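Below: the structure, in structure tokens.
The values are calculated or read from the model by the stated rules, or taken from the named source; none is laboratory data. Predicted, not measured: the structure shown is a model, and the values here were computed from it. Virtual Cβ from ideal backbone geometry, glycine too; neighbours counted across all protein chains shown.
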Amino acid sequence: MRIDPGLTVLGRNTSSNVQKVMWLLGEIGHKSVRVDVGGVFGGNRDAAYLLKNPNGVVPTLIHGDNVVWESNTILRYLANVFDASRFYPVDPAGRAGVERWMDWQLSTLGPANTLLYQSIVRTPPELRAPELIEQHRVRNAALFLILDQALSSQEFIAGDSFTLADISIGALAHRWFRLPIARPRYAHLQRWYDQMCGREPFQDHVVSIEFV
């Protein structure tokens with residue numbers, strides 16, 4: 001794996017958004033320097049960080065003189081810079097097929113999945129609200145059913161090839177499968193998730209990281 005000394009990812013490895021960036025770097029064979037920022041490490045509200053990313057969230061990518069934030073934008077940037085068109089098609093129809101799922105992850109699945117995750121993992125047991133957890137669980141089940149239906153006719157989320165769509169959603173799917181909740185049996189989603197678990201970068205940057 002090539003090490004790019006000019007490529008730095010600012011963000012803690014427990015962030016699902018950081019995980020997908022690190023996963024893509026593993027897939028394309030570029031090892032970056034990752035710096036713990038956010039969560040228990042702090043630093044994301046410091047003035048120096050806010051100059052790079054005014055939202056005060058992670059990840060932020062520094063590549064030479066370029067600073068990029070928003071995790072899905074970082075995925076697209078890396079695919080373009082490192083000519084990883086196998087993950088991000090160049091033809092308009094193929095690219096739209098990938099980007100619609102990335103947008104869906106950002107606008108729909110991500111917020112719902114975060115609420116479920118926080119209501120369990122980020123909430124002390126004595127403060128957990130079973131009715132609220134169930135509400136979030138049902139919402140996530142409905143969204144993952146959409147994925148299961150899409151995967152019933154194709155191998156990967158955006159078609160028959162592994163793309164940025166799979167990476168943008170993979171860490172959230174991992175949460176869904178590992179949280180202590182009841183889950184419907186979605187055979188196609190399970191088959192896809194098992195495939196993701198067979199990818200070494202997914203193991204390295206998602207599966208091996210403990211929930212905190």
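Numbers for the structure displayed
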{"item": "V121 vs. criteria in contact with a Pro (Cβ under 7 Å, 6 or more places away or on another chain) and in contact (Cβ under 8 Å) with a residue 60 or more places away in the chain", "result": "no"}
{"item": "Criterion violated by L75 - all others in (1) more than 28 Å from G159 (Cα to Cα); (2) buried (at least 16 other Cβ atoms within 10 Å of the Cβ); (3) in the same structural domain as N17 (by TED's automatic domain parsing) satisfied", "result": "(1)"}
{"item": "Per-region count, region 146-188, residues assigned to a helix (DSSP H, G or I) and either out of contact with any helix residue (DSSP H, G or I) (no Cβ under 9 Å at 6 or more places or on another chain) or under 25 Å from L75 (Cβ atoms) (or both)", "result": "22"}
{"item": "Which numbered condition R128 misses (of (1) in the same structural domain as V9 (by TED's automatic domain parsing); (2) out of contact with any Pro (no Cβ under 9 Å at 6 or more places or on another chain); (3) more than 19 Å from G170 (Cβ to Cβ))", "result": "(1)"}
{"item": "Boolean, A142 is among the small types (G, A, S) and either assigned to a loop (DSSP other than H, G, I, E, B) or more than 14 Å from Y117 (Cβ to Cβ) (or both)", "result": "yes"}
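Each row is one residue, and each column tells you yes or no for (1) in contact with a Gly (Cβ under 9 Å, 6 or more places away or on another chain); (2) in contact (Cβ under 8 Å) with a residue 40 or more places away in the chain; (3) not polar (S, T, N, Q).
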residue	(1), (2), (3)
P125	no, no, yes
Q135	no, no, no
A141	no, yes, yes
L151	no, yes, yes
D160	no, no, yes
A171	no, yes, yes
A187	no, no, yes
